[in-house]
Every structure is written in structure tokens, then in C-alpha cells.
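The values are calculated or read from the model by the stated rules, or taken from the named source; none is laboratory data. Since this is a predicted model, take the numbers as computed values, not measurements. A quick note on method: Cβ atoms are made from the backbone with ideal geometry, for glycine too, and the neighbour counts reach across all protein chains shown.
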Amino acid sequence: MRIEANIAPVAALFAEPSRAAIMSVLLDGRALPAGELATLAGVSPTAASAHLTKLIDGGLLAVEVEGRHRYYRLANTGVAQVIEELALLTKEPAIFRTPPLSRTARALRHARSCYDHLAGELAVAIAAALEDRDWLVRGEGKRYEIGKEEGRKWFARQGVNFQTIKPGRYGVARQCLDWTERRPHLAGPVGAHLFKCWCERGWFERDNYHPRLVKVTALGRRSLNHELGLTFCNGPTVNDAISNR
């Protein structure tokens, strides 16, 4: 007798387009009400309710209750990671299928939140700059190791406390292959804390109308240039930092 992982029921939850849309909307870490999710997924409230029930029963979503209101979010970072991995299996990102890209689409490709960490062109450039300094070293599998004592001190100066963060499945730092850039950016506990600290310092801001969209402030541009040598030319241009990788 063989015992194998029963992945079919979970895979079926991802396979339905409306459910996939709902989970993709929640990839920025927010908790949203059913009505808003129905609108964003393009389905009726009744259909959205049925999809949400299946996703909760399947362990992919969690619900938060505040008074009479119910808010839905991804169950954990593992679900977000699966969505990222599935995005990599597509023949091409959906964002490229309707050229030319809108201003918002270009901005999202440049910098966006991915659950609890920074993603997009900027995130890839940051990871590349850290690798160039050997402050991030690619380890086994998807693991990132913090390289050199100088690297640990740099992360500590940015606000990352290695004594309080809890290692995840891939340790304290993880390589997350960016689905638009097809190169790794920094995820895991260190990536999440770094993104949070930089937001609190005012380097990044979220857009009021597109919560996944991350804007780099003037302070952020100066700081990233000082810390990692990144340059910004008439908008979000950081390709020079990753062109040779």
C-alpha cells in the first residue's frame, strides 16, 4: 500500500477562476469583506459567499469577525507562497497580455507588496545589491543566508532584530522568485521585517486606491541610493542594479 499526499482537493480550490481571483486580491495581506471581494472578483455576492465558504473549509482563508462584520484574509504565509509559485508556472504573466501596460500596471511591476514583503523590480534590485555585497548568500533550496558580520549589522541598522524574529520553513530569509521579473527577491521573516521597518521610516507608502501598489518616497530614494547604490531616473528605474545578474 502506498501513501501519497492528497493534493487534488486543495488544487481544485485554486483551479476555479473566481476563487483564484479572490485569493490573488488578498495577496497584499489585507482582510476584506465579502461584498468587496465579490466586486473585485467579478461575481455575485451569492457566488462569492459560496467560494469563500469552500476556501475557509479548505484551510486557505481565515475569517476575522468584528461585531456584525466578517473580513476574509489568506490563512497564512504558506498560502501566499503557493499563489506565488503557481504564478511562476504560467506561460507568461497576465500583466503582459494587454500591451501597452497601463501606468498602474507599470507601477505595480516596479514595486508592490506581496503579502508581508516587498516584490517587483525594486525588490529584485534590492536583493541583487545585497547579494553583490555578500550580505545575502543563496543557500540550499530557497534559503537565503545572512552573509558576513557586516551584513548582520546592516540589517540590524535597518531595524531587523535577529533575536526576536522566528525562523520560518526556510530559516530567517527566503528567496522568492518574483513572478514578473523572474528573479529572486527577499522574503521570509527578514524580508517582512525589513519592509515593515522601511514603511515605518517613511521610505515607502501604500497607494490609497491600489493597496498592493508601493510608492517610493523622496526619502526612500535618497536612502536606498545611500544604503545600496540604487538610482531612480524620472520614475522607478532600477534596472542597472540587476542588469548583470
Residue in segment 33-54 that is closer than 25 Å to Asp116 by Cβ and not in a helix (DSSP H, G or I) present:
yes
Can you give me the number of residues within segment 111-149 that are of a type in the set (A, V, I, L, M, F, W, C) and either more than 17 Å from His193 (Cβ to Cβ) or at pLDDT below 90 (or both)?
8
Scan segment 22-48 for residues that are surrounded by 16 or more Cβ atoms within 10 Å (Cβ to Cβ) and among the small types (Gly, Ala, Ser) and jot them down.
Ser24, Gly29, Ala34, Ala38, Ala41, Ala48
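Residues being outside any strand (DSSP E or B) and either crowded, with 16+ Cβ neighbours inside 10 Å or in contact with a Phe, Trp or Tyr (Cβ under 9 Å, 6 or more places away or on another chain) (or both): count how many of those fall in segment 198-221.
Matching residues across segment 198-221 total 8.
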Of those in segment 228-245 that are surrounded by fewer than 15 Cβ atoms within 10 Å (Cβ to Cβ) and modelled with pLDDT of 80 or more, the residue farthest from Ala156 (Cα to Cα) is Thr231
Tally up the residues in segment 138-187 that are in a loop (DSSP other than H, G, I, E, B) and either of a type in the set (S, T, N, Q) or over 14 Å from the mean Cα position of the chain (by Cα) (or both), please.
19
Can you report the number of residues in segment 55-74 which are among the charged types (D, E, K, R) and assigned to a helix (DSSP H, G or I)?
1
Just give me the residues in segment 1-42 being in contact with a Gly (Cβ under 8 Å, 6 or more places away or on another chain) and either within 18 Å of Pro211 (Cβ to Cβ) or touching a residue at least 60 places away in the same chain (Cβ under 8 Å) (or both), in sequence order.
Ala21
I need every pair where a residue in segment 84-110 that is at pLDDT 70 or above has its Cβ under 7 Å from the Cβ of a residue that is among the aromatic types (Phe, Trp, Tyr) and not in a helix (DSSP H, G or I), sequence separation at least 6 or different chains.
Glu84/Trp179; Ala87/Trp179; Leu88/Trp179
